[in-house]
Amino acid sequence: MSLSQGRSYLAIPGPSVLPDRVLQAMQRPAPNIYTGELVGLVDSLLPDLKAVARTEGKVAIYICNGHGLWDATLANLVTPCDRLLVLSTGRFAVGWGDAARAMGAEVDVMDFGLRGAMDPERVEAALRADTGHRIKSVLVAHVDTATSVRNDIAALRRAMDAAGHPALLLVDCIASLGCDPFEMDAWGVDVMIAASQKGLMTPPGLGFVFFNDRADLVRKGLDRVPRYWDWTPRTEAALFYQLFCGTAPTHHLFALREALTMLVHEEGLTHALARHATLARCVWAAAEAWQAGGGPMLNIAERGARSHAVTALTTVAVADGTRLRDWMEQQAGVTLGIGLGMVAPGNPEWHRYFRIGHMGHVNAHMVLGVLASLQAGLVALDIPHGTGALDAAARVCAGASG
Ligand SMILES: *Cc1c(COP(=O)(O)O)cnc(C)c1O
């Protein structure tokens, strides 16, 4: 008998759960896009976005998804034949590099595998070897959503400085912003990208490029930048429509206003980050217990390199990841994420991989509910697993409430 009726939980790593208040904020007539309330609303978003990014730099807002942001950053910084260094720990920095190659850049990919973080020492050595300073930018994902690894961006900046290399540091925080601690200015990040649909609890469709003066200097040195992607009018607009290079994304902006009010002004960023940290430890505690008895394995063994936004797991038997996902959706009303980037397309091994999204508008009962449902799925499908997973997860939540 299916027990999936009731409120469902889309526990994939983006788009994330939309708060009812964010949905309700969109239930209103179209506003004037030339003057009035919308203009003030957009002004109010900028300091809140920068507060979440921990930067005093600028932010340009685009009507686009994450892939659009990759083009947006490159269009402002890269000319054909520029050389870029991509640090690969999964799928997403490589995707950014592919976008750069499509613009005619020369892209070197440094591969750190799928089970751990990038190694700053290897990056430092590569930058030292680039004595002519041909590498213009280093591209990395803070959290790679495919592997659920979190890279140490502060250590990466130290490595770049130790090598005395002037390349810009470009960081993809699409999965991590608002979930994993990130300090754009303190960590010396030149460009950071984030999208609306993950930690920021807003429907997909808004993209944010944060940049500092060093990056802007590179932009100002380019001969031509495609009009739509140019970040200059979007941050130095004389007229309101220039902020969006056309009609403003009105209802997305209402949604984002509500989400940022919840995140920045009500809960507070510090608490939201601590909440994500605890809920992530809840997931790990359960998964470590399952794994100890031959159950699904955490993709990232080192705790310090695991994201607080998403957790990637691998089942021992090839078919079991897909069986579990199907069971969860059909029997329990929880949709888990598919495996991404772990094996080549078409490889049956794909069915071993699944991911749990725990980003944004999630709380203890949602995460404990996913874990308890997974426990039921393991039992129902006769998949081997260790005992004590739910006790271990509950202990993490109980400890946090003290
Ligand atoms: C989701 C994600 C993207 C891609 O975003 P789209 O909106 O699907 O284009 C890029 N980078 C990271 C790290 C992501 O998590």
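Give me the Debye-computed log₁₀ of I(q)/I(0) at q = 0.20, 0.23 Å⁻¹ for segment 286-402, equal point scatterers on Cα only, no solvent, two decimals.
Each listed q maps to, in turn, -1.19, -1.58.
Return the Cα extents of segment 209-248 along principal axes one, two and three, sorted largest first, each rounded to a whole Å.
So the extents along the principal axes, rounded to whole Å, are 28, 19, 17.
Specify the residue with the greatest mean-square fluctuation among Gly341, Gly36, Gly199, computed from a Gaussian network of the chain linking alpha-carbon atoms under 10 Å apart.
Comparing Gly341, Gly36, Gly199 in a Gaussian network model of the chain, the most mobile one is Gly36.
When the Kirkwood radius is taken over all Cα pairs of segment 231-333, what Stokes-Einstein diffusion coefficient follows at 20 °C and 1.002 mPa s, in µm²/s? It would help to have the intermediate numbers written out before the result.
Details: Rh = 17.7 Å.
Rounded, D is 121 µm²/s.
Taking the alpha-carbon distance from Lys198 and a cut-off under 30 Å, which lysines remain once sequence neighbours fewer than 8 residues away in the same chain are dropped?
Within reach: Lys50, Lys58, Lys136.
Using the scaling law 2.2 N^0.38 Å as the reference, what is the normalised Cα Rg of segment 4-62?
1.54
Report, to the nearest 10°, how far helix 120-129 tilts away from the longest principal axis of the Cα atoms in the chain, using its own Cα long axis and a range of 0 to 90°.
30 degrees
Under a Cβ-only charge scheme (Lys and Arg +1, Asp and Glu -1), can you give me the dipole magnitude of segment 282-402 about the Cα centre, in debye to the nearest 20? Don't jump to the answer; show the numbers that get you there.
Working: 7 positive and 8 negative charges, 44 e Å.
About 220 debye.
If we count other beta carbons within 10 Å of each Cβ, what is the order of His165, His251, fewest first?
Ranking His165, His251 by Cβ neighbours within 10 Å, fewest first, gives His251, His165.
Mind checking the angle between helix 66-77 and the chain's longest principal axis? C-alpha axes, 0 to 90 degrees, to the nearest 10.
With both axes taken from Cα atoms, the answer is about 30 degrees.
On average, how much area does the Cα convex hull of segment 16-118 cover when viewed from any direction, in nm²?
On the way: hull surface 38.6 nm².
Mean orientational projected area (segment 16-118, Cα hull): 9.7 nm².
How big, in percent, is the set of alpha carbon pairs in segment 173-224 lying more than 16 Å apart? Write down the numbers at each step before the final one.
Details: 646 of 1326 pairs.
So the pairs more than 16 Å apart make up 49 percent of the total in segment 173-224.
Can you tell me which of Leu269, Leu253, Leu239 moves the most in a GNM of the chain? Springs connect C-alpha atoms under 10 Å apart.
Largest GNM mean-square fluctuation: Leu239.
Would you please calculate the Kirkwood hydrodynamic radius of segment 217-276 over all C-alpha pairs and express it in Å, rounded to one decimal? It would help to have the intermediate numbers written out before the result.
Details: mean 1/r = 0.0704 Å⁻¹.
Result for segment 217-276, one decimal place: 14.2 Å.
Report, largest value first, the span of the C-alpha coordinates of segment 78-176 along each principal axis, in whole Å.
Largest first, segment 78-176 extends 34, 31, 19 Å along its Cα principal axes.
Which ordering of Asp180, Asp223 is given by a fewest-first count of other beta-carbon atoms within 10 Å? Don't jump to the answer; show the numbers that get you there.
Numbers: Asp180 23, Asp223 5.
So the ranking, lowest neighbour count to highest, is Asp223, Asp180.
Viscosity 0.692 mPa s, temperature 37 °C: give me the Stokes-Einstein translational D for the chain in µm²/s, with Rh taken as the Kirkwood radius over C-alpha pairs. Provide the component values of the computation, followed by the final result.
Numbers: Rh = 21.9 Å.
For the chosen part, D equals 150 µm²/s.
Taking the chain as a Gaussian network, Cα atoms linked when under 10 Å apart, which of His365, His142, His308 shows the biggest mean-square fluctuation?
In the Gaussian network model the winner is His365.
FYI, it's all coordinate maths here, none of it is from the lab. Being a predicted model, the structure only gives us computed values, none of them experimental. No Cβ is skipped: glycine too gets one built from the backbone with ideal geometry, and neighbour counts run over all protein chains shown.
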